[in-house]
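The values are calculated or read from the model by the stated rules, or taken from the named source; none is laboratory data. Since the model is a prediction, treat every value here as computed from it, not as a measurement. As a convention, Cβ positions derive from the backbone with ideal geometry for all residues, glycine included, and neighbour counts pool all protein chains shown. Only protein heavy atoms, including side chains, enter the accessible area calculation; ligands, DNA and RNA are left aside. Shrake-Rupley method; radii C 1.70, N 1.55, O 1.52, S 1.80 Å.
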Amino acid sequence: MSNSLQGFDARAATFAADVEQAFWLNFWISIILFASVVVPMLYFAWKYNANKVKNEDVENITHNTALEIAWTLIPTAMLMVLFYYGYTSMQALRTMPAESESIIVHVQGKKWSWKHTYEPNQSGFVHKSKELYVPKDTNIILKMTAPLNDVIHSYFVPAFRMKEDVVPGRVTKQWFNSNVLGTYDVECAEYCGTRHSDMYSKIHVIPKAEYNAWFEGNSKVGPGEKEVAKSKGQELYDDNGCSGCHSIDSDAILVGPALKGIGAKHDAQYLKDAILNPDKDVPEGFYPGVMPPFAMPDADVAALVDYITTGK
Ligand code: CUA
């Protein structure tokens with residue numbers, strides 16, 4: 001586990017300052033309004049206490065036109081100011097840059113991991129990664145969705161001051177342009193079940209040249225990372241986010257059963273069924289309906305079962 005809220009103070013996207021300005025304006029106007037109501041209320045409660053004021057002194061009080069106009073106009077003006085700053089920063093966030101001048105990344109949010117899939121590079125290779133790598137000073141458009149049998153998640157990058165829901169069967173979008181090199185946290189901001197709090201990722205903002213070299217290369221890992229040879233099964237295990245719920249190298253129960261030594265307990269057919277139709281035979285102590293059924297070709301299931309049972 002990494003430290004949480006990495007880079008929170010960085011204001012690392014072009015519109016972060018606007019969002020922050022709208023936030024602090026809201027905050028201070030709220031403080032002023034709160035004080036302007038509560039402080040006089042306490043003062044008058046003390047001043048016009050029943051022991052000090054006789055009924056005949058107050059029975060003829062009707063209203064005060066000047067005061068009433070003032071307390072209507074001042075909050076209205078404040079509301080307009082808040083609306084202006086809120087609306088303009090929202091417009092910056094919601095107006096997508098042209099796709100031709102942006103990098104498009106497809107995001108999949110799934111119980112309980114994030115997956116980023118890039119558009120094909122010049123040689124047709126498609127980068128897929130858990131963590132997102134983007135060049136500095138470049139428009140990035142995220143097209144986000146979740147599988148139909150999943151739940152709502154939310155892609156939240158505190159350092160960029162941006163957040164948008166990720167909805168099963170729908171594509172939602174958000175964009176950013178980061179002007180500060182660094183690594184920033186991505187968190188799920190929509191309660192989505194047992195491991196919601198572990199559903200996070202990172203965005204690495206790197207120099208353009210480094211990004212381009214990585215993007216046009218066909219490495220299966222992030223920039224600067226060493227590629228480790230992976231079996232087909234291990235690739236499927238990582239791609240499908242299996243490790244989000246199953247520990248493969250310990251007895252720890254994350255959500256589903258640990259897979260260490262599973263080959264000694266069950267045959268390949270049982271494990272295949274457990275992937276394609278998890279509710280068919282749910283082990284004692286676990287519940288049906290938690291693991292979604294996975295659909296994949298026979299060869300893939302076989303490779304995955306091999307990896308789970310033999311580690312290869
Ligand atoms: Cu996904 Cu919370």
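In the stretch 197-209, which residues are away from the ligand (no atom under 14 Å from the Cβ) and open to solvent by 10 Å² or more (accessible area, probe 1.4 Å)?
Within the stretch 197-209, the first condition is being away from the ligand (no atom under 14 Å from the Cβ), and the residues that meet it are 202-209.
The answer is Lys202, His204, Ile206, Pro207, Lys208, Ala209.
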Considering only residues that are basic (Lys, Arg) and under 16 Å from Pro223 (Cβ atoms), look in the stretch 116-148 and name the one that is farthest from the ligand (Cβ to nearest atom). Lys136
Being open to solvent by 30 Å² or more (accessible area, probe 1.4 Å) and more than 16 Å from the ligand (Cβ to nearest atom) is the filter; apply it to the stretch 102-115 and report the residue that is farthest from Gly244 (Cα to Cα). Ile103
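Just checking, which of Asn218, Asn212 is surrounded by fewer than 17 Cβ atoms within 10 Å (Cβ to Cβ), of a type outside the set (D, E, K, R), on the phi < 0 side of the Ramachandran plot and in a helix (DSSP H, G or I)?
On the way: Asn218 fails: in a helix (DSSP H, G or I).
The unique qualifying residue is Asn212.
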Test Ala35 against the criterion of being small (Gly, Ala, Ser) and either touching a residue at least 12 places away in the same chain (Cβ under 8 Å) or closer than 23 Å to Met80 by Cα (or both), and give yes or no. yes
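Okay, residues lined up against (1) closer than 26 Å to Glu99 by Cβ; (2) in contact with a helix residue (DSSP H, G or I) (Cβ under 9 Å, 6 or more places away or on another chain); (3) open to solvent by less than 40 Å² (accessible area, probe 1.4 Å):
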site: Leu148; (1), (2), (3): yes, no, no
site: His153; (1), (2), (3): yes, yes, yes
site: Arg161; (1), (2), (3): yes, yes, no
site: Arg170; (1), (2), (3): yes, no, no
site: Trp175; (1), (2), (3): yes, yes, yes
site: Gly182; (1), (2), (3): yes, yes, yes
site: Asp185; (1), (2), (3): no, yes, yes
site: Arg195; (1), (2), (3): no, yes, yes
Just give me the residues in the stretch 116-146 being touching a residue at least 60 places away in the same chain (Cβ under 8 Å), open to solvent by 30 Å² or more (accessible area, probe 1.4 Å) and within 21 Å of the chain's Cα centre (by Cα), in sequence order. Lys128, Lys130, Glu131, Lys136
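How about the stretch 83-119: which of its residues are part of a loop (DSSP other than H, G, I, E, B), out of contact with any Phe, Trp or Tyr (no Cβ under 8 Å at 6 or more places or on another chain) and aliphatic (A, V, I, L, M)? If you could, list the steps in order and put the result at the bottom.
Just the residues of the stretch 83-119 that are part of a loop (DSSP other than H, G, I, E, B), to begin with: 95-98, 111-112, 119.
Checking which are out of contact with any Phe, Trp or Tyr (no Cβ under 8 Å at 6 or more places or on another chain) leaves us with 95, 98, 111-112, 119.
Hit for the stretch 83-119 is Ala98, nothing else.
Restricted to the stretch 293-312, and to residues that are within 8 Å of Gly233 (Cβ to Cβ) and not hydroxyl-bearing (Ser, Thr, Tyr), which residue is modelled with the lowest pLDDT? Steps first, please.
Looking only at the stretch 293-312, we keep the residues that are within 8 Å of Gly233 (Cβ to Cβ), and these are 303-308, 312.
Filter once more, so that each one left must be not hydroxyl-bearing (Ser, Thr, Tyr): 303-306, 308, 312.
Numbers: Ala303: 87, Leu304: 87, Val305: 87, Asp306: 86, Ile308: 85, Lys312: 79.
Once the filter is applied, the top-ranked residue is Lys312.
Listed here are the residues, each with its yes/no results for (1) outside any helix (DSSP H, G or I); (2) in the same structural domain as Val290 (by TED's automatic domain parsing); (3) under 28 Å from Gln91 (Cα atoms).
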| position | (1), (2), (3) |
| --- | --- |
| Tyr133 | yes, no, yes |
| Asp137 | yes, no, yes |
| Lys143 | yes, no, yes |
| Asp150 | yes, no, no |
| Arg170 | yes, no, yes |
| Gln174 | yes, no, yes |
| Asp185 | yes, no, yes |
| Ser197 | no, no, no |
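Would you mind listing the helices (runs of 4 or more DSSP H) fully within the stretch 225-298 where at least 1 residues are open to solvent by 50 Å² or more (accessible area, probe 1.4 Å) and small (Gly, Ala, Ser)?
Numbers: elements: 232-239, 262-265, 268-276.
Ranges flagged: 262-265, 268-276.
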